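This report concerns only the one structure given below.
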Amino acid sequence: MSMYKNLTTICAAAALALGLAACGGGGNDETAEAPAVTDPPGSTQPGPSQEDLDSANERADAAEDALAAEQAAAKAASLRQLSTAITNFMAADAAQQNLDADITYSVGTGRFTVGNTIIDEDATADVTTATTLAPPLRAAAEGPEDAGMWSGQTHTRSVTGGERDRVVFYTDQGLRMGPPLDTLLTAARLAETASRVELDSASAATDAPRIRGADFATSGVKNHAPASVPTPTLARPVMVSGTYAGVSGTYLCSSVGCTSAPGESGGVTLTGTWHFQPDDRNARTEAADYRYFGWWLRENAAGTMVVGTFSGNTGTDATTNYTTINGTASFGGAAAGKVTLAPALGEIEGGHFTADVALSANFSRNMISGTVDNFMVDGAETDWTVALRDASIADRDTTTGNDFARGTGGTFWTIGGVRGRPGGSWQGRFHDPSPATAPDNGTPRQATGEFQATYGGAGRMIGAFGAHKE
């Protein structure tokens with residue numbers, strides 16, 4: 001059979017199978033129309049009705065509204081607790097509002113020491129006796145944004161029973177310069193031959209706050225070398241880049257058991273035989289003394305809050321009698337604190353704030369005044385200002401540590417151009433007197449302090465500030 005006949009036969013069979021009129025040459029030129037191609041049958045189940053869809057959306061909206069209402073209720077309850085805590089702090093005795101009576105920070109121990117300011121949670125006494133927070137507060141993973149020349153830090157702790165402490169503070173540490181490294185340290189600690197700082201256990205308390213390094217532990221204990229090595233010693237020392245008292249260099253450990261752990265002051269505690277090799281032994285160090293201010297909040301498991309503000313200095317602070325000098329000085333800086341405001345007066349109902357502070361001192365008249373403005377409350381801008389009314393500059397109070405103070409009626413709070421009645425108080429101290437000779441004539445270089453303000457019965461604010469001479 002020829003190929004053509006085979007193809008014809010195959011085509012004919014295909015035509016019969018497909019119901020075609022013809023296939024290939026020799027047949028009818030007209031072909032039958034192929035049937036329409038249809039999609040395979042789908043599901044026989046009907047889709048959701050519009051009524052079902054509307055009902056589901058209504059349930060989702062209701063759940064979202066319920067969650068929002070729950071969150072709003074929780075926020076309102078928290079703000080009520082905060083408002084009560086602020087009111088209690090403002091109504092406390094003068095000792096609770098002192099610059100030194102709240103929280104002081106020791107760079108040597110790395111601890112915040114609570115004075116006679118924290119109200120007992122069980123309300124069996126007005127204030128606690130002086131104590132040290134234990135366990136110590138640790139630096140939080142995220143702190144507040146820096147405020148101008150002031151570096152922000154947040155420290156927190158939790159204790160058994162659900163009690164939580166939070167301290168937010170700002171410091172100018174690192175901005176002021178100290179002596180050169182070879183002047184700061186004794187010859188025994190900075191060997192002439194190797195120019196290395198000997199970091200031994202005898203100096204650990206002094207060293208820890210000065211030690212910084214990106215590769216050192218930020219939590220727990222970090223091993224930088226194995227616990228044991230082939231004798232006699234490590235072939236290559238551990239090397240970590242960092243700073244000591246602000247001076248750049250390299251940390252070296254040539255023994256077994258080289259570890260690091262975060263120090264309570266934000267520095268680093270080292271174990272093992274460590275040395276620090278400075279890049280320049282004559283480089284200037286960070287000043288050991290610095291100023292700070294901030295606020296603290298304690299909250300128990302029931303949501304009850306206690307709050308306060310603090311400010312002061314670490315290191316030597318000259319007790320100059322500023323009433324004996326003449327001239328004027330302006331200071332600029334930052335402020336931070338806590339605030340609550342009745343909802344009817346605006347969308348911002350309360351929280352923590354940051355602001356700018358400006359002070360103007362007339363030492364010839366022994367008067368100082370100032371303004372707090374550019375408020376940001378929980379990240380939102382406001383149209384607030386707080387005036388710090390004229391306060392008298394006097395000899396430093398040996399009890400409060402104040403160089404200036406004004407009591408009731410010492411501040412007034414303005415919102416949207418509408419000034420509230422005078423209320424609250426403010427006080428502070430000067431730091432770091434300049435040389436007594438012209439042109440500075442002994443005027444101070446910094447000032448820190450605290451303030452309180454009210455807006456009728458609706459607003460309560462407490463804050464602290466730090467400022468540098470301009």
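Return the total of residues in the stretch 260-281 being crowded, with 19+ Cβ neighbours inside 10 Å, within 29 Å of the chain's Cα centre (by Cα) and not in a loop (DSSP other than H, G, I, E, B).
Here the count works out to 5.
Which pairs have Cβ atoms under 6 Å, sit 6 or more apart or on different chains, and link a residue in the stretch 148-163 that is within 13 Å of ARG298 (Cα to Cα) to one that is modelled with pLDDT of 70 or more and among the aliphatic types (A, V, I, L, M)?
Every condition considered, the pairs that remain are HIS155/VAL167; GLY162/ALA301.
State which residue is modelled with the highest pLDDT when the search covers only the stretch 341-357 and only residues that are closer than 27 Å to THR171 by Cα and surrounded by fewer than 22 Cβ atoms within 10 Å (Cβ to Cβ).
So the residue we want is ASP356.
Checking THR328 against (1) surrounded by 15 or more Cβ atoms within 10 Å (Cβ to Cβ); (2) assigned by TED's automatic domain parsing to the domain that holds PHE169; (3) at pLDDT 85 or above, only one condition comes out false. Which one?
Status for THR328: all satisfied but (1).
Among the residues of the stretch 391-437, write down those that are out of contact with any Gly (no Cβ under 8 Å at 6 or more places or on another chain), of a type in the set (A, V, I, L, M, F, W, C) and either closer than 21 Å to TYR290 by Cα or not in a loop (DSSP other than H, G, I, E, B) (or both).
ILE393, VAL418, PHE430 - these are the residues of the stretch 391-437 that are out of contact with any Gly (no Cβ under 8 Å at 6 or more places or on another chain), of a type in the set (A, V, I, L, M, F, W, C) and either closer than 21 Å to TYR290 by Cα or not in a loop (DSSP other than H, G, I, E, B) (or both).
Of the residues that make up the stretch 295-303, is at least one at pLDDT below 90, outside the structural domain of VAL240 (by TED's automatic domain parsing) and out of contact with any strand residue (DSSP E or B) (no Cβ under 8 Å at 6 or more places or on another chain)?
yes
Condition first: closer than 23 Å to ILE86 by Cα and out of contact with any Cys (no Cβ under 9 Å at 6 or more places or on another chain). Can you find one or more residues in the stretch 392-401 that meet it?
yes
The values are calculated or read from the model by the stated rules, or taken from the named source; none is laboratory data. Computed from a predicted structure; not experimentally measured. Every residue, glycine among them, receives a Cβ derived from its backbone with ideal geometry; neighbour counts consider all protein chains shown.
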